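Single-structure report; data block below.
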Amino acid sequence: MNIVLSPFQNPFINLAVEDYFLRFSAYLPILFLYVNRPCVVMGRFQNPWVETNLKYLVEKDIWLVRRQSGGGCVYHDEGNLNFSFITPDPMIDRLKHVKLLQEAFRRADIQLDISPRHDLWLDNKKISGSAFKQTKMGSFHHGTFLVNSDLDKLEECLKHSLIPKDSKSIASVRSKVISLEQKYEGITIEDVVELIAGFFKSPVQDIDASLLSLPEIQQSFYQLRDWTWLWGETPLFELEEGIKVRKGLLEDGRRFDRESMKDLFVKDKLDQLFPDFSEQSRLNNQIL
């Protein structure tokens, strides 16, 4: 198993690199490890207005991201380790990799349980959630692992901005969570990386920054942060006011945004549904 650790904390870069490994790497299988700056990462078929507290995200400089895999909405920060098992097999064994992680921690005297949804739990609380993507070229199983994340921010981030009348999006399954540090005081991300690498008996390799100049990675990076993907991939939903939004657009083709809704909603609701994400766009505009 090749273990690769990303030096980047930009979630759009890390997801673009993950996609590149899946589609183009000749060195599969790879265990890709990375830590993101504070962000909320939605599943492929989710609704940001339903799943996240958008106003809070902007106020706290927490980015909004839509990944390529399905599943629910998760919070990332510098205290969360992300893992991605990337294999050349088009059909992934959803239990295999979580069992490997369970065994790695067991050897460090940390007992984790596997839920029916293939999540890892500690003391009857969720510590790791995961999602999957399968293609003709290969597949990946990626997930989070709460080492010492800010769980108060996690809870606030994942509150609703609105509750729709009807929605075709995939809803997150909410669970009580725990971080590893709450039970094992002083444990760090570096400790967990070392624990995993020791289990696989594989050195941890750093990503060569020159990878980011590859057109395949740049194309994926810009696609992930584009409005069409981030907001426009939102499945159909309907508001109590009878307004239907499909792929981020109103029935007359206008975007579902502050300008379009300014005559229908009061200012407080506009602020709640359409906070200004321009600073996020500015900060992640450059790939480095």
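Derivation of every value follows stated rules applied to the coordinates shown; laboratory data play no part. Bear in mind the structure is a predicted one, so any value in this text is a computation, not a measurement. Counting neighbours? That spans all protein chains shown, and the Cβs are built from the backbone with ideal geometry, glycine included.
Summary table below
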| read-out | value |
| --- | --- |
| Length gained when the stretch Gln205-Lys262 is fully extended (0.36 nm per residue, less Cα-Cα span) | 15.5 nm |
| Helix 215-225 vs. the chain, principal-axis angle (Cα, 0 to 90°, nearest 10) | 50 degrees |
| Expected-Rg normalisation [2.2 N^0.38 Å, Cα atoms] applied to the chain | 1.01 |
| Karplus 3J(HN,Hα) series, Hz, for the stretch 152-160 with 6.51 cos²θ - 1.76 cosθ + 1.60 (x for Gly, Pro) | 5, 5, 3, 5, 5, 4, 9, 8, 6 |
| Cβ-derived FRET efficiency at R0 45 Å, Met91 paired with Ser281, nearest 0.05 | 0.75 |
| Simple Cβ-charge dipole of the stretch 2-283, Lys/Arg +1 and Asp/Glu -1, about Cα centre, in debye nearest 20 | 840 debye |
| From the C-alpha gyration tensor of the stretch 134-288, square roots of 5λ in Å | 36, 23, 16 |
| Two-site label geometry, Asp226 and Lys60: point separation in nm, points 7 Å out along Cα→Cβ | 3.1 nm |
| The stretch 1-67 - Kirkwood radius from inverse mean 1/r over Cα pairs (Å) | 13.4 Å |
| Karplus (6.51, -1.76, 1.60) ³J(HN,Hα), θ = phi - 60°, over the stretch 121-130, in Hz, Gly and Pro reported as x | 10, 10, 6, 6, 10, 6, 10, 8, x, 9 |
| Residues with amide H under 5 Å from that of Val4, placed H, sequence gap 5 or more | Leu31, Phe32, Leu33, Gln205 |
| Ranked Glu181, Glu259, criterion: other C-beta atoms within 10 Å, fewest first | Glu259, Glu181 |
| Gaussian network model of the chain, Cα within-10 Å springs - most flexible of Gly242, Gly198, Gly70 | Gly242 |
| Rounded D (µm²/s) - the stretch 149-223, Kirkwood Rh over Cα pairs, Stokes-Einstein at 10 °C, 1.306 mPa s | 92 µm²/s |
| Contour minus Cα-Cα distance for Arg255 and Met137 (0.36 nm per residue) | 39.0 nm |
| Calculated from backbone phi, Karplus (6.51, -1.76, 1.60) coupling profile of the stretch 131-141 in Hz, x at Gly/Pro | 9, 9, 9, 10, 9, 5, 8, x, 7, 9, 10 |
| Within the stretch 130-218, trypsin sites (Lys or Arg not before Pro) in DSSP loop having at most 14 other beta-carbon neighbours inside 10 Å | Lys136, Lys159, Lys165, Lys168, Arg174, Lys176, Lys201 |
| The chain: most fluctuating residue of Phe83, Phe21, Phe200 per GNM, C-alpha cutoff 10 Å | Phe200 |
| Helix 96-106 axis, angle to the chain major axis (alpha carbon atoms, nearest 10°) | 60 degrees |
